[in-house]
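Worksheet for the structure shown next.
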Amino acid sequence: MNRLERRKCDICGKLIQPFGYMKLSDGNMCTDCAKLLSPMLKNRQGADVDYIKRHVEYRKENEKKLKQFNPVTRYGYDKKIYIDSKMFAFLVTNKLEKDIAAGNPDIIPLVQVKSCETEIREHTPKGVSEDDVSKDVSLYDFIVTVKLESEWFDEIVVSLNGERIRGRDNRIYKKCESDAKQLKDTLMPDQSFSASIPERKSHNVYRL
Ligand SMILES: [Zn+2]
């Protein structure tokens with residue numbers, strides 16, 4: 001046997017195939033274990049065996065907790081932010097409520113939320129004249145950035161709308177605007193927010 005054939009996964013202990021592994025700072029992990037990690041995991045580069053082992057344990061606990069997760073509120077279209085007000089936690093997924101556990105989305109306790117920024121990004125198509133601008137041909141994205149105090153995650157960035165919204169005078173724009181404001185209030189309940197017209201802080205970006 002050569003060295004590659006004898007190599008074991010330092011997370012699950014199974015023999016790993018040549019090339020079918022990922023390097024950790026002090027060991028190796030098989031691709032099956034790599035699939036268990038959250039896609040949002042921070043400090044993945046240079047992670048050590050202990051960090052990944054604890055993270056995998058956390059992911060298994062998360063999977064169990066999802067059975068108790070009972071969303072009372074949902075925000076967004078493509079990516080959805082579900083809130084469980086009893087568990088005092090939220091999660092982000094593109095799945096509908098009946099499939100909420102698919103992919104083991106991370107349940108984030110609200111106490112871990114450090115900040116929640118919402119912004120509207122305006123994209124004006126190239127070659128648009130001043131006249132066209134007044135007709136509101138722009139496309140809009142509603143972006144929510146949640147910064148976290150967590151061992152596993154730094155921040156979550158969510159586009160509430162998915163496909164860009166054409167113009168402001170439509171149902172989807174208004175729903176996203178309302179969702180963004182409510183979401184900020186829900187995730188940061190101690191901070192008052194302004195329901196007035198968003199302030200334009202920089203070119204083409206509105207913060208709510
Ligand atoms: Zn493994």
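Find, among the chymotrypsin sites (Phe, Trp or Tyr not before Pro) in segment 25-92, those assigned to loop by DSSP (not H, G, I, E, B) with at most 13 other beta-carbon atoms within 10 angstrom. Hits after loop and neighbour filter: F88. Each peptide in 152-162, 115-125 was scored by the mean count of other Cβ atoms within 10 Å over its residues; highest first, the order is 152-162, 115-125.
At a Förster radius of 35 Å, what calculated FRET efficiency corresponds to the Cβ-Cβ distance of E155 and D32, to the nearest 0.05?
0.80
If the segment from K42 to V72 were pulled out straight at 0.36 nm per residue, it would be longer than the present Cα-Cα gap by 8.0 nm.
Site pair Y58 and K98 shows an inter-label distance of 3.3 nm when each label is modelled 7 Å from Cα along Cα→Cβ. Treat segment 1-92 as a sphere of radius equal to its Kirkwood radius over Cα pairs and apply Stokes-Einstein at 37 °C in a medium of 0.692 mPa s; give the translational diffusion coefficient in µm²/s, rounded to a whole number. Roughly 215 µm²/s, to the nearest whole number. Our estimate of slack between K23 and T145, defined as 0.36 nm per intervening residue step minus the Cα-Cα distance, is 40.9 nm.
Values quoted throughout were computed directly from the atomic coordinates according to the rules given, and no laboratory measurement underlies them. All values reported here derive from a predicted model rather than from experimental measurement. Note: ideal-geometry Cβ built from the backbone for every residue, glycine included; neighbour counts use all protein chains shown.
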